[in-house]
Amino acid sequence: MASNRKRRGRAVDGVLLLHKAGGLSSNAALQQVKRLYQAAKAGHTGALDPLATGMLPICLGEATKFSQYLLDADKCYQTTAKLGIRTDSSDADGVVVEEKPVPVDLTAERIETLLQNHFSGEIEQVPSMFSALKFQGQPLYKLARKGIQVEVKPRRVTIHSIRLTGFRGDELDLEVHCSKGTYIRSIVEDLGLLLGCGAHVTRLHRLDVGSYRAEQMLTLAEIAEKIADFDPETEAESIQNTLDALLLPPWAAVSEFDAFQLDAEQTQLMLHGRALPCDTLPELTQVRLFAADGRFIGVAAVEQGQLKPQRLISVADPN
């Protein structure tokens, strides 16, 4: 007997580089994309605060298995800081906790010196209590909103480059290329303390994630415009095909890995989780695996002279 349960979504695999709008939470953006694609499975990689805009990679279907590689990737941000005002969240969404005059003799050269001396290379920073980090299973921002303070341990991050791109007396613009786990709000907060006047973030925009570049992003409005002329009642397939054409392949998150082509026998062994002898690649090399028929099937790594599967996707038997 046929089931009366509704389908929970369609099987669609790929990565959408969403240009998240301000005022929208990352989860709300994710849910809009998931509904738009009628996707059975979706997840984002690296949340942006509602105040923040810019790149939010959305992984659909089998691409979610490789989202960790994007979480671990370097990021590039642009931010604007307001000097002279500190807030409890270190951004414009917070409550003002202190106001001080901006030094009248403050110069761009002074700011540049502080940036290079204190915020370049490997540094330690204390994440904001309003971050999504968890303490005993609870996100810090939920504890902070309840007035609960806990000890947040410093963490080491790497600032590959940081530069001052604008200075307007009580405002400054920065561009930061950094490792995973870096909090731009913490950089701005600490810079304000070094300047003696305090500061908070008024604008935060993520340009790049890993190898993904800003020019690849699409807003929700741009996506909707591409399907606006289709009739959803009679052209549902055309809508799906148009949306799917906007996706990067499921392996896009690991595009920097070399491709490794398997023959038919190797494909079957790998799909069953078996390791393969490998003396052509150096130890710890990671590769994208492609089946004998050209399908992407996952990621493997060379360990102890064997090519061992790490993440494999669900693929249909071509026979």
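Only the coordinates and a few stated rules stand behind these numbers; no lab work does. On a predicted model such as this, the values are computed, not experimentally measured, just so you know. We place every Cβ from the backbone using ideal geometry, glycine too, and count neighbours over all the protein chains shown.
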Positive minus negative residues near Cys278 (Lys, Arg vs Asp, Glu; Cβ under 14 Å): -3
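Fewest first, what order do Arg288, Arg185 take by the number of other Cβ atoms within 10 Å?
Ordered from fewest to most neighbouring Cβ atoms within 10 Å, Arg288, Arg185 come out as Arg288, Arg185.
Given Cα pairs under 8 Å that are at least 6 residues apart, what percent is the relative contact order of the chain? Write down the numbers at each step before the final one.
Values: 622 pairs, mean separation 63.1, N = 319.
Once normalised by length, the contact order is 20 percent.
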Fewest-first ranking of Tyr183, Tyr37, using other Cβ atoms within 10 Å as the exposure measure: Tyr183, Tyr37
Relative contact order for region 257-312, counting Cα pairs under 8 Å that sit 6 or more residues apart, in percent: 37 percent
Charge context of Gly23, other residues only, Cβ under 12 angstrom, K/R +1, D/E -1: -1
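Within a Cβ distance under 10 Å of Ser314, other residues only, what is the Lys/Arg minus Asp/Glu net charge?
My count for the surroundings of Ser314 gives -1.
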Asp91 long-range amide H proximity, modeled H, under 5 Å: Val201
Evaluated over region 257-312, the Cα radius of gyration and Dmax, each in Å: 9.8, 28
Where only alpha carbons of the chain are counted, the Rg and the Dmax (Å): 23.1, 80
Too-long pairs where the Cα-Cα distance tops 30 Å, listed order kept, from Lys41/Lys82; Lys20/Lys308; Lys34/Lys308; Lys75/Lys100; Lys41/Lys308: Lys41/Lys82; Lys20/Lys308; Lys34/Lys308; Lys75/Lys100
Equivalent ellipsoid dimensions for region 150-193 as semi-axes, Å, which come from the Cα gyration tensor, largest first: 22, 15, 6
Alpha-carbon Rg/Rh ratio, for region 8-111, with Rh computed the Kirkwood way: 1.15
Per-residue ³J(HN,Hα) for region 40-53, Karplus 6.51 cos²θ - 1.76 cosθ + 1.60, θ = phi - 60°, Hz, x for Gly and Pro: 6, 8, 7, x, 9, 10, x, 5, 10, 4, x, 5, 7, 10
3J(HN,Hα) from dihedral phi, region 176-192, Karplus parametrisation 6.51/-1.76/1.60, rounded to Hz, x for glycine, proline: 10, 10, 9, 7, 4, x, 7, 9, 5, 4, 5, 4, 5, 4, 5, 5, x
Neighbour-count order for Val96, Val287, fewest beta carbons within 10 angstrom listed first: Val96, Val287
Equivalent ellipsoid semi-axes, region 217-294, via Cα gyration tensor eigenvalues times 5, rooted, Å: 39, 16, 8
